Structures are given as structure tokens and as C-alpha cells.
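Undergrad: Have a look at the structure that comes next, please.
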Amino acid sequence: MERQYFISNDLDELEDAQQELLKSGLNDEQVHVLSDDEAGVDEHHMHGVNAFSKTDIIQSTIRGALIGVVFSAMSLLVPYMFGLIGDIGWTPFLFLAIIALGFSTWEGGLWGIQEFNTRFSRFESQIHDGKHLMIIDIDDNQRNAVNVMASHHPKLMPTHL
């Protein structure tokens with residue numbers, strides 16, 4: 001699967017392009033539109049990018065979990081190195097490690113839900129300025145249909161990530 005991107009400020013043009021792609025054999029699920037105007041995308045009967053995919057929650061949660069692993073390891077390693085395990089036991093340090101991992105992962109997710117998805121970050125300013133990004137997932141044999149569609153719609157600007 002290959003992903004192609006087109007940017008435009010005209011939802012009518014994007015709807016026409018989507019209909020042309022559907023008539024040429026693409027499935028409805030292969031074409032999505034990333035836009036701040038979700039009502040306009042729905043009104044034009046196009047698939048918008050879901051709210052979960054617009055954010056950077058997955059990457060940030062993973063990043064938070066990695067930081068949590070470091071904190072967890074430190075919360076177990078430091079008491080071991082200073083000989084505190086014999087006096088108190090492992091239980092409080094294991095709980096601290098679990099809490100550090102969980103908290104860091106949670107905070108990473110909260111951070112990511114506020115951030116624009118890094119895959120689309122180079123288009124963020126254009127999206128917030130009222131433009132719309134059409135995302136098309138195609139197989140090798142569908143590339144010609146996208147090229148034909150692009151030639152019929154000069155208002156669509158092809159772009160690459």
C-alpha cells in the first residue's frame with residue numbers, strides 16, 4: 001500500500017475528486033480527508049480522519065512508557081545499590097516502580113492527546129488555515145487512477161510526506 005496526499009482549500013473539489021476515485025475502483029475506506037472543518041467534510045459525504053488519528057497519542061504514550069521504564073529501573077536500582085532492600089524489602093520499591101511506569105505512560109498519553117499527529121505535522125499550519133488534506137491509500141495497480149484524477153482537478157496540490 002502506498003499513501004498519496006493532496007491539499008486543497010475547496011471541499012467541493014475534494015468531493016468531486018473522491019467520487020472520481022470511487023468510480024475508478026477505489027474503495028470508500030481508501031480516501032480520507034484531514035480538516036478542521038469536520039462538519040463540512042461530513043456534509044460533503046467524505047470520510048474524515050478520526051479524532052484519535054489526528055492526535056499524537058500513540059507515539060507520546062510509547063515515549064512516556066519508555067521514560068517510565070527508565071524511572072522504574074532507577075527506583076529499583078538505586079535502593080539496591082545503597083543496600084536499602086535488606087532493611088525494608090522489595091515491596092515499596094516495586095510499588096514505586098509500577099507507579100512510575102504507570103504515571104509516565106499516562107502523562108505521555110495526556111501530552112499526546114493535545115498534540116497534532118507527527119505524521120501530518122508539516123501540514124498543521126495549512127490545516128489550521130482552512131485547507132484540507134486528502135489522504136489516499138492505493139495499491140500499485142490503482143496509481144494510474146489517482147494520476148488521472150489529479151490531472152482532472154488542478155486545484156488539488158499533490159504533496160509528499
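The values are calculated or read from the model by the stated rules, or taken from the named source; none is laboratory data. What you are looking at is a predicted structure, and each value in this text was computed from that prediction instead of being measured. When we count neighbours, we look across all protein chains shown, and the Cβ atoms used for this are built from the backbone with ideal geometry, even at glycine.
Undergrad: Only one residue in 35, 53, 8, 75 is hydroxyl-bearing (Ser, Thr, Tyr), under 16 Å from residue 134 (Cβ atoms) and out of contact with any His (no Cβ under 8 Å at 6 or more places or on another chain), so which one is that? Steps first, answer last, please.
TA: Numbers: 35 fails: out of contact with any His (no Cβ under 8 Å at 6 or more places or on another chain); 8 fails: out of contact with any His (no Cβ under 8 Å at 6 or more places or on another chain); 75 fails: under 16 Å from residue 134 (Cβ atoms).
Among 35, 53, 8, 75, only 53 is hydroxyl-bearing (Ser, Thr, Tyr), under 16 Å from residue 134 (Cβ atoms) and out of contact with any His (no Cβ under 8 Å at 6 or more places or on another chain).
Undergrad: What are the residues in segment 136-155 that are hydrophobic (A, V, I, L, M, F, W, C), farther than 19 Å from residue 35 by Cα and either in contact with a Cys (Cβ under 7 Å, 6 or more places away or on another chain) or surrounded by 15 or more Cβ atoms within 10 Å (Cβ to Cβ) (or both), if any? Don't jump to the end; show me each part of the working.
TA: Initially, segment 136-155 is screened for residues hydrophobic (A, V, I, L, M, F, W, C), giving 136, 138, 145-146, 148-150.
Now narrow it down to the ones that are farther than 19 Å from residue 35 by Cα: 138, 145-146, 148-150.
Hits for segment 136-155 are 138, 145, 146, 149, 150.
Undergrad: Does residue 107 meet the test of being at pLDDT 90 or above, in a helix (DSSP H, G or I) and on the phi < 0 side of the Ramachandran plot? Quick ask: steps written out before the conclusion?
TA: Working: at pLDDT 90 or above: yes; in a helix (DSSP H, G or I): yes; on the phi < 0 side of the Ramachandran plot: yes.
Judged against the criteria, residue 107 is a match.
Undergrad: Would you confirm whether any residue within segment 8-20 is assigned by TED's automatic domain parsing to the domain that holds residue 141, surrounded by fewer than 13 Cβ atoms within 10 Å (Cβ to Cβ) and part of a helix (DSSP H, G or I)?
TA: Pass one, segment 8-20, residues assigned by TED's automatic domain parsing to the domain that holds residue 141: 8-20.
In the following step, the residues that additionally are surrounded by fewer than 13 Cβ atoms within 10 Å (Cβ to Cβ) were identified as 12.
Imposing the further condition that a residue be part of a helix (DSSP H, G or I) reduces the set to 12.
The answer is yes, given that some residue of segment 8-20 is assigned by TED's automatic domain parsing to the domain that holds residue 141, surrounded by fewer than 13 Cβ atoms within 10 Å (Cβ to Cβ) and part of a helix (DSSP H, G or I).
Undergrad: Could you grab me the full set of residues in segment 27-50 that are among the small types (Gly, Ala, Ser) and part of a loop (DSSP other than H, G, I, E, B)? First the steps, then the outcome.
TA: Of segment 27-50, the ones among the small types (Gly, Ala, Ser) are 35, 39-40, 48.
Correct list: 35 only.
Undergrad: Further question: Within segment 66-108, how many residues are among the small types (Gly, Ala, Ser), buried (at least 18 other Cβ atoms within 10 Å of the Cβ) and closer than 30 Å to residue 121 by Cα? If you could, list the steps in order and put the result at the bottom.
TA: Within segment 66-108, the first condition is being among the small types (Gly, Ala, Ser), and the residues that meet it are 68, 72-73, 75, 83, 86, 89, 97, 100, 102, 104, 108.
Still in the running and buried (at least 18 other Cβ atoms within 10 Å of the Cβ): 68, 72, 75, 97, 100, 104, 108.
Imposing the further condition that a residue be closer than 30 Å to residue 121 by Cα reduces the set to 68, 100, 104, 108.
Within segment 66-108, residues that are among the small types (Gly, Ala, Ser), buried (at least 18 other Cβ atoms within 10 Å of the Cβ) and closer than 30 Å to residue 121 by Cα number 4.
Undergrad: Given the conditions (1) assigned by TED's automatic domain parsing to the domain that holds residue 68; (2) within 14 Å of the chain's Cα centre (by Cα), report the number of the one that residue 122 does not fulfil.
TA: (1)
Undergrad: Pick from segment 125-135 the residues that are in a helix (DSSP H, G or I) and surrounded by 14 or more Cβ atoms within 10 Å (Cβ to Cβ): which of them is nearest to the chain's Cα centre (by Cα)? Before the answer, list the steps.
TA: At the first step, the residues of segment 125-135 found to be in a helix (DSSP H, G or I) are 125-128.
With the extra rule that they be surrounded by 14 or more Cβ atoms within 10 Å (Cβ to Cβ), the set shrinks to 126-127.
Values: 126: 16, 127: 14 Å.
Among those residues, the one meeting the criterion is 127.
Undergrad: In this structure, is residue 125 of a type outside the set (Lys, Arg) and either under 21 Å from residue 41 (Cβ atoms) or in contact with a Lys or Arg (Cβ under 6 Å, 6 or more places away or on another chain) (or both)?
TA: yes
Undergrad: Hey, residue 1 hits all of (1) surrounded by fewer than 19 Cβ atoms within 10 Å (Cβ to Cβ); (2) within 21 Å of residue 124 (Cβ to Cβ); (3) over 13 Å from the mean Cα position of the chain (by Cα) but one; which does it fall short on?
TA: Condition not satisfied by residue 1: (2).
Undergrad: Another question, if that's okay. Residue 39 - would you say it is among the small types (Gly, Ala, Ser), in the same structural domain as residue 125 (by TED's automatic domain parsing) and free of Cβ contacts under 8 Å to residues at least 12 places away in the same chain? Give the steps one after another, and end with the answer.
TA: Numbers: among the small types (Gly, Ala, Ser): yes; in the same structural domain as residue 125 (by TED's automatic domain parsing): yes; free of Cβ contacts under 8 Å to residues at least 12 places away in the same chain: yes.
The answer is yes for residue 39.
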